[in-house]
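Before any comments, here is the structure.
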Amino acid sequence: MTIHTHILGFPRIGAARELKSALESHWRGDLSEADLEAAGQQLRARHWAQQRDAGLDYVTVGDFAFYDQVASHIQLLGCEPARFHFDAQQSPLSRYFTMARGADTHTAHAGCSHGHPAQDASDHALEMTKWFDTNYHYLVPEWSPLTRFSLACERLFDEVAEAQALGHRVKAALIGPLTFLWLGKEKTPGFDRLALLEQLLPVYGALLDRLKRQGVAWVQVDEPILGLDLPHAWRSAFESTYWQLNQVGVNILLATYFSPLEENLSLACRLPVAGLHVDGIRAPHELVSVTDWLPAHKVLSIGIVDGRNVWRTDLDAALAVLQPLAARRNGHLWLAPSCSLLHVPFSLEGETALDGEIRSWLAFATEKLEELSLLKGALAGQPDTTALAISRLAIAGRRASARVHRAPVAQRLQALSPTADRRDSSFPQRQAVQRARLQLPDFPTTTIGSFPQTAAIRAARASHKRGELSTADYARQMRAEIAHAVGRQEALGLDVLVHGEAERNDMVEYFGEQLDGFVFTRLGWVQSYGSRCVKPPIIYGDVQRPAAMTVAWTVHAQSLTRKPMKGMLTGPVTILQWSFVRDDQPRARTALQLALAIRDEVEDLETAGIGIIQIDEPAIREGLPLRRGQWDAYLDWATRAFRIAASVVSDTTQIHTHMCYAQFNDILPQIAAMDADVITIETSRSDMELLAGFGDFQYPNEIGPGVYDIHSPRIPTTVDMVRLLQKASAVIPPAHLWVNPDCGLKTRGWAETEAALRNMVAAAKQMRAG
């Protein structure tokens, strides 16, 4: 047998988040570009060595990025938007970070409400949205008839040379031309981005030729849009595209993942490429068909190890799938994870505090490399019997563990009323009694939940975790931080306040730590975007809430002010989407368990006198299956889970939800069916474009379009925000509009936060004045 192993990508942040530390140090001005580049080079060398030491036949080059791989391709292919007005004196890295984070003009704008010109488009960072159905965010390319392409950046070629100098066999990785165009956004009305393909392909051809001349034997070209419901013109473009690229003469491994190929299966198999990678986790039912359709001379790469979840691979089951497929391919097969390992934590090695039994059920990126090696050896007739036996025991132990199932949870689900997801009255009736209770002005101002997590807050949390700060002293310090946040909000003149979430480490982790059925890692970080990393909880068993989670903090905050205080919760679908979820029961059932746990918290907050409760669901959109035929089933259980969490309250209690960094227009009926009294959404990066769909749909409830991009260091002026609110008022009834930032303010500093919010309050006052 000839079995090869490879990966589609590896976690770029490092075992100890070294990339995050280097990036943030550079952005603060403490680390030079040269030193940042050196840090990146060290990480790449270390990660390639891991791949080699695990026995992989190729190391993957091109998966590393300082912020985002799509942004890297924008530079590589010479299509930086002209609106940034970059000049020849700017380094590629500074341009790259400007596209990602916006122009750093906060010094000029800080504290200024008037007297500055309206925001120039060149100040805006590129829009950011979710990478397919993951929680990774990519920067959205901008397309227009003026877009031009050229081979404009040497970074990929330099990294190939780095790997070769270290003695590695290199497989370069690229985003395919059709997926790259698909991921972008037309900035000119009526323009079709597919029209850019003709001028893009010669640049891809030149790129492949450069790699060929460098001695790269294989180039992985990712075309995950083959797992989508593509328009006819896009499907038709694949054959001519890859016929043209195949003329270069380098071996192309076309990679698909995240979704079944379905009607694109035969197309993918007949494309003129040297090999095809398919996702054997998301589309196991297609493996036999792919094996039969793919010509015998082509390489078949099977994603047999789950690149999206953390559970140990059942190696016996994997071998049972692979052995007949290898036989059909005359013993020639490539093995890989289903997708890039970017989406899982780096290694279990540092998880010494993790429960031993549960730890034995898990495999992170490093362990998944080892699983590939075990599968390769077993298929080649050289099985590691000891390692296979250990794996077998762990799989059996998880299936039999009494810790996974809780009878009271099952009984509560069984007894759930069919009307548990319905509010008592319609929205217009609720709106009237809520307005009478809350007495808010027009264009009420609020924030999304979190305020800056200062060094003092983080130090206190770390000290408490280490046992150096007592629980009583920690609680005292957090109450002081809450009082500080409340005082600052009152001074700014905000209408609806939040407690600031000083006590929370993460919007999902905080809740998971207090729910049964969750376990947590110490170093299980995953990149969300740029330097932003999250540490997803692991849901291993049935979920229930043993005690109140937020009530005491929220009641304390309400006691400090006469203004309404929002209770802040993370919704069941977002907790599900941003966790590593058990794979032994349907996700819908786990979501329902989470909904009941949040419902209990909502009920307790209302009983404690909290009149506004926000249940954040930023991940509703990202949970959509990539195939539209599966949307209705998902949206039915996802929106029902939200309603079950929210519908326990009376009409006078106002339910908010928040969503961000995704496209919502195609699911607006389902968002409306969630029946939140107020929804806040991210709209500032799109210059309110996202709001147009809500207006066209005549969204029935109240809405807060974001007027402050919290992911950029730029401080918007009052003029900027008034302009955005005027645009919003043109499509949404002004009586239904709220004024708020795009998202939580956890990652920002107090000085910029106060400056931006002061301008925001001033903008709301201008709107009230007409």
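Going residue by residue through region 506-526, is there one that turns out to be free of Cβ contacts under 8 Å to residues at least 40 places away in the same chain and closer than 30 Å to Y96 by Cα?
yes
Within region 687-729, track down each residue that is of a type in the set (G, A, S) and buried (at least 21 other Cβ atoms within 10 Å of the Cβ). Can you show your working first?
Taking region 687-729 and keeping what is of a type in the set (G, A, S), we get 692-693, 695, 704, 706, 712, 728-729.
Once the filter is applied, which keeps residues that are of a type in the set (G, A, S) and buried (at least 21 other Cβ atoms within 10 Å of the Cβ), region 687-729 yields G704, G706, S712, A728.
Residue by residue through region 343-395, note down the ones that are out of contact with any Ser or Thr (no Cβ under 8 Å at 6 or more places or on another chain) and over 24 Å from L319 (Cβ atoms).
Answer for region 343-395, where residues must be out of contact with any Ser or Thr (no Cβ under 8 Å at 6 or more places or on another chain) and over 24 Å from L319 (Cβ atoms): G350, T352, A353, D355, G356, I358.
Kindly indicate the residue of region 29-65 that is free of Cβ contacts under 8 Å to residues at least 60 places away in the same chain and open to solvent by less than 20 Å² (accessible area, probe 1.4 Å) and also farthest from L372 (Cα to Cα) among those meeting that condition. Before you say what the answer is, go through the steps one by one.
At the first step, the residues of region 29-65 found to be free of Cβ contacts under 8 Å to residues at least 60 places away in the same chain are 29-32, 34-40, 42-43, 46-47, 53, 65.
Of the ones still in play, those that are also open to solvent by less than 20 Å² (accessible area, probe 1.4 Å) are 36, 40, 43, 47, 65.
Numbers: L36: 32, G40: 26, L43: 22, H47: 16, A65: 24 Å.
In this case the residue turns out to be L36.
What helices (runs of 4 or more DSSP H), lying completely within region 1-108, carry at least 3 residues that are over 27 Å from the mean Cα position of the chain (by Cα) and closer than 30 Å to D279 by Cβ? Quick ask: steps written out before the conclusion?
Values: elements: 18-27, 33-53, 69-76, 92-101.
Qualifying helices (runs of 4 or more DSSP H): 33-53.
Collect the residues in region 605-654 that are acidic (D, E) and assigned to a helix (DSSP H, G or I), keeping them in residue-number order. Spell out the reasoning first.
Residues of region 605-654 acidic (D, E): 606, 616-617, 622, 632, 636, 651.
If the condition is that a residue be acidic (D, E) and assigned to a helix (DSSP H, G or I), then E606, D632, D636 are the ones that fit.
Which residues, taken from region 344-396, are closer than 18 Å to L322 by Cα, touching a residue at least 24 places away in the same chain (Cβ under 8 Å) and not small (G, A, S)?
Passing the criteria: K368, L369, E370, E371, L372, L374, L375, K376, L379, L388, R392.
Within region 198-215, is there a residue that is without any contact (Cβ under 8 Å) to a residue 12 or more places away in the chain, of a type in the set (D, E, K, R) and closer than 13 Å to L178 by Cβ?
Checking region 198-215: at least one residue is without any contact (Cβ under 8 Å) to a residue 12 or more places away in the chain, of a type in the set (D, E, K, R) and closer than 13 Å to L178 by Cβ.
Which of the residues spanning region 218-245 are in contact with a strand residue (DSSP E or B) (Cβ under 6 Å, 6 or more places away or on another chain), open to solvent by 10 Å² or more (accessible area, probe 1.4 Å) and of a type in the set (A, V, I, L, M, F, W, C)?
W218 - this is the single residue of region 218-245 that is in contact with a strand residue (DSSP E or B) (Cβ under 6 Å, 6 or more places away or on another chain), open to solvent by 10 Å² or more (accessible area, probe 1.4 Å) and of a type in the set (A, V, I, L, M, F, W, C).
Out of M721, M674, report the one residue that is modelled with pLDDT of 90 or more and farther than 22 Å from K765 by Cβ. Before you say what the answer is, go through the steps one by one.
Values: M721 fails: farther than 22 Å from K765 by Cβ.
Among M721, M674, only M674 is modelled with pLDDT of 90 or more and farther than 22 Å from K765 by Cβ.
If a residue must be acidic (D, E), open to solvent by 40 Å² or more (accessible area, probe 1.4 Å) and within 26 Å of Q654 (Cβ to Cβ), how many such residues does region 482-519 contain? Give the derivation first.
Taking region 482-519 and keeping what is acidic (D, E), we get 490, 495, 501, 503, 506, 509, 513, 516.
Among the residues that remain, those that are also open to solvent by 40 Å² or more (accessible area, probe 1.4 Å) are: 490, 513, 516.
With within 26 Å of Q654 (Cβ to Cβ) added as a condition, the list becomes 490.
Number satisfying all stated conditions: 1.
Checking A756 against (1) part of a loop (DSSP other than H, G, I, E, B); (2) buried (at least 18 other Cβ atoms within 10 Å of the Cβ); (3) not basic (K, R): exactly one of these is not met. Which one?
Failed condition: (1).
Consider H343 against the criteria (1) over 25 Å from Y242 (Cβ atoms); (2) surrounded by fewer than 24 Cβ atoms within 10 Å (Cβ to Cβ): it satisfies all of them except one. Which criterion is unmet?
Failed condition: (2).
Condition check: buried (at least 18 other Cβ atoms within 10 Å of the Cβ), in contact with a Gly (Cβ under 9 Å, 6 or more places away or on another chain), within 29 Å of Y136 (Cβ to Cβ) and aliphatic (A, V, I, L, M). Does I615 satisfy that?
Working: buried (at least 18 other Cβ atoms within 10 Å of the Cβ): yes; in contact with a Gly (Cβ under 9 Å, 6 or more places away or on another chain): yes; within 29 Å of Y136 (Cβ to Cβ): yes; aliphatic (A, V, I, L, M): yes.
Against the criterion (buried (at least 18 other Cβ atoms within 10 Å of the Cβ), in contact with a Gly (Cβ under 9 Å, 6 or more places away or on another chain), within 29 Å of Y136 (Cβ to Cβ) and aliphatic (A, V, I, L, M)), I615 qualifies.
Could you list, in sequence order, the residues of region 560-595 that are outside any loop (DSSP other than H, G, I, E, B) and either open to solvent by 10 Å² or more (accessible area, probe 1.4 Å) or β-branched (V, I, T) (or both)? Lay out the reasoning, then the answer.
Taking region 560-595 and keeping what is outside any loop (DSSP other than H, G, I, E, B), we get 565-570, 572-577, 580-581, 587-595.
Across region 560-595, the qualifying residues are T570, V573, T574, I575, Q577, F580, V581, R587, A588, R589, T590, L592.
For region 190-202, which positions are assigned to a helix (DSSP H, G or I) and either under 18 Å from V273 (Cα atoms) or not hydrophobic (A, V, I, L, M, F, W, C) (or both)?
Initial filter on region 190-202 (assigned to a helix (DSSP H, G or I)): 193-202.
Across region 190-202, the qualifying residues are R193, E198, Q199, L201, P202.
Give me the pairs, please: first residue somewhere in region 699-723 and under 11 Å from L757 (Cβ atoms), second residue anywhere and among the charged types (D, E, K, R) and assigned to a loop (DSSP other than H, G, I, E, B), beta-carbon distance under 7 Å, and either six or more positions apart or on two chains.
Correct list of pairs: Y708/D742; I710/D742; I710/R748.
Taking the conditions exactly as written (open to solvent by less than 50 Å² (accessible area, probe 1.4 Å) and either under 27 Å from P537 (Cα atoms) or of a type outside the set (A, V, I, L, M) (or both)), does G350 satisfy them or not?
Details: open to solvent by less than 50 Å² (accessible area, probe 1.4 Å): yes; either under 27 Å from P537 (Cα atoms) or of a type outside the set (A, V, I, L, M) (or both): yes.
Yes: the conditions hold for G350.
Out of everything in region 730-753 that is of a type in the set (A, V, I, L, M, F, W, C) and assigned to a helix (DSSP H, G or I), what residue ends up being least open to solvent (accessible area, probe 1.4 Å)? It would help to see each step written out before you state the result.
Filtering region 730-753 down to residues of a type in the set (A, V, I, L, M, F, W, C) leaves 730-732, 735, 737-739, 743, 745, 750-751.
Within this subset, residues satisfying the condition of being assigned to a helix (DSSP H, G or I) are 735, 750-751.
Numbers: A735: 58, W750: 39, A751: 82 Å².
My answer is W750.
From (1) crowded, with 21+ Cβ neighbours inside 10 Å; (2) out of contact with any helix residue (DSSP H, G or I) (no Cβ under 6 Å at 6 or more places or on another chain); (3) of a type outside the set (G, A, S); (4) farther than 26 Å from L267 by Cα, pick out the condition that doesn't hold for W334.
(4)
Restricting to region 170-189, and then to whatever is over 21 Å from V273 (Cα atoms) and basic (K, R), can you tell me which residue is most open to solvent (accessible area, probe 1.4 Å)? Let's see the steps before the verdict.
Our first condition is that a residue be over 21 Å from V273 (Cα atoms); within region 170-189, this holds for 183-189.
When the remaining residues are screened for being basic (K, R), the result is 185, 187.
Details: K185: 40, K187: 84 Å².
Applying the filter and picking the extreme gives K187.
The values are calculated or read from the model by the stated rules, or taken from the named source; none is laboratory data. This structure is a prediction, so every number in the text was calculated from the model and none was measured. So basically every Cβ, Gly included, is an ideal-geometry build from the backbone, and we count neighbours across all protein chains shown. The accessibility values were calculated without ligands, DNA or RNA, using every heavy atom of the protein model including side chains. Shrake-Rupley method; radii C 1.70, N 1.55, O 1.52, S 1.80 Å.
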